[in-house]
Amino acid sequence: PRADKHDDVYDRQIRLWGADAQKKMSNARVLYINLTGVTCEIMKNLVLAGVAAVVCDSRPYPEAVREMPCSFFHAEDMETAASENGSSQCTVAKSVQPKVEELNPLLAGRNSIEERPIAELSDDFFTQFDAIVASRLTVEEAKRISTSLQKVDEGKLFIVTDTFGFDGCAHLDFGASHKYRRELGKDKLSDLMPVEPYLSMADMMSVPLEGATGRWDKSVPRILVLHRLLMDYWSLVDNPEFVKFAQDWLAFNKLSSSALSSDVQDCSLETLGEIAQHPEVSPVCAVLGGILGNEVIKSLTGKGEPANNVMMFSGFDGGCRSFLLKKN
């Protein structure tokens, strides 16, 4: 695009982040794996801000997105697709492609899709992007992508995030070599700083939950437990009965059922089973998506202190806080 048109469209962002930061964003590409309500919010915000998107989602459309709270997928369009083409004729990635292109004409030709399943993609595929935002990953898939990213010199952000009911959680790996400048005031930045202490996504997923405590958390945070429980549950193809699965999972991880309760929320396993089947709530996706989109911008521009390394959102009080997973 012509430089003057580019500057006109992104004028407010250039005033906020600076021309150099906007240039880095405009040259970046973010890979989105398995679209959900929260990752669609991140993608929408970043595409509008000038960051190109590559969507990797081989799941069948419209079955995989029928309950997704996202403006990309309209009920009328889904019913038409199901009746005319059959659910196996189109992937989620293919269906969302024209919607993404409409968001920002300045990115024409830079957005793309990948319709192959994750298992068919080489490790090198993941290293070509400046950041990866994923949902509905298995722990093993997250570890594999993390290991591939560790092989390159430059730090690349890798986010694994999901929402469930009024809660949401994200694991963030900025890369071992990522450096940033902390904002000290208006137009003042610190010297380059590393993310410390650093833990890769693979290491995060290997930390025993029973010992995942912190200065302000004498027991493992409930939202973190829920996220890991649901990641393992959603990874199973046969969709087992949730209550029995959760009981066995808690026992295996040496956790009691109280790990799923809090002062403001005491959910039974039966209730959590309902949430597991119908997890996404639109306002939760929107709020957490906005927060995580800002973390992507921090990573791409190197400006602002990153959230290290877990973020947890509670819709009951509207609070979002970070939690540091550490190697035991």
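Annotations for the structure displayed:
- Subset of the stretch 224-247 (residues that are more than 14 Å from LEU272 (Cα to Cα) and basic (Lys, Arg)): none
- Strands (runs of 3 or more DSSP E) wholly inside the stretch 150-253 that include at least 2 residues being in contact with a Cys (Cβ under 9 Å, 6 or more places away or on another chain), touching a residue at least 40 places away in the same chain (Cβ under 8 Å) and surrounded by 20 or more Cβ atoms within 10 Å (Cβ to Cβ): 157-164
- Extreme residue, most open to solvent (accessible area, probe 1.4 Å), among residues of the stretch 288-328 that are farther than 23 Å from GLY211 by Cβ and without any contact (Cβ under 8 Å) to a residue 40 or more places away in the chain: ASN294
- Scope the stretch 10-40; condition under 21 Å from the mean Cα position of the chain (by Cα), not polar (S, T, N, Q) and not in a loop (DSSP other than H, G, I, E, B); matching residues: LYS24, MET25, ARG29, VAL30, LEU31, TYR32, ILE33, GLY37, VAL38, CYS40
- All positions within the stretch 254-271 that are assigned to a helix (DSSP H, G or I) and either among the polar types (S, T, N, Q) or surrounded by 15 or more Cβ atoms within 10 Å (Cβ to Cβ) (or both): SER257, SER258, ALA259, LEU260, LEU269, THR271
- Enumeration of residues in the stretch 110-129 that are charged (D, E, K, R) and open to solvent by 60 Å² or more (accessible area, probe 1.4 Å): ARG110, GLU115, ARG116, GLU120, ASP124
- Residues (at pLDDT below 90 and either open to solvent by less than 20 Å² (accessible area, probe 1.4 Å) or in contact with a His (Cβ under 9 Å, 6 or more places away or on another chain) (or both)) located in the stretch 78-109: MET78, ALA81
- Residue count for the stretch 272-328, restricted to those that are in a strand (DSSP E or B) and within 22 Å of SER261 (Cβ to Cβ): 10
- Within the stretch 130-149, the set of residues being hydroxyl-bearing (Ser, Thr, Tyr), open to solvent by 20 Å² or more (accessible area, probe 1.4 Å) and in contact (Cβ under 8 Å) with a residue 60 or more places away in the chain comprises THR138 only.
- Residue-level check: of (1) surrounded by fewer than 24 Cβ atoms within 10 Å (Cβ to Cβ); (2) among the hydrophobic types (A, V, I, L, M, F, W, C); (3) within 22 Å of GLN128 (Cα to Cα), VAL30 misses just (1).
Each row is one residue, and each column tells you yes or no for (1) in contact with a helix residue (DSSP H, G or I) (Cβ under 9 Å, 6 or more places away or on another chain); (2) at negative phi; (3) among the aromatic types (Phe, Trp, Tyr); (4) at pLDDT below 95.
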site	(1), (2), (3), (4)
ALA3	no, yes, no, yes
ARG12	no, yes, no, yes
ALA21	yes, yes, no, yes
SER26	yes, yes, no, yes
ARG29	no, yes, no, no
THR36	yes, yes, no, no
THR39	yes, yes, no, no
SER58	yes, yes, no, no
PRO62	yes, yes, no, yes
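The values are calculated or read from the model by the stated rules, or taken from the named source; none is laboratory data. Predicted model only: the values in this text are computed from it and were never measured. Heads up, the Cβs are rebuilt from the backbone with ideal geometry, glycines too, and the neighbour counts pull from every protein chain shown. Ligands, DNA and RNA are stripped out before the accessible areas are found, and what is left, the full protein with its side chains, is counted by its heavy atoms. Shrake-Rupley method; radii C 1.70, N 1.55, O 1.52, S 1.80 Å.
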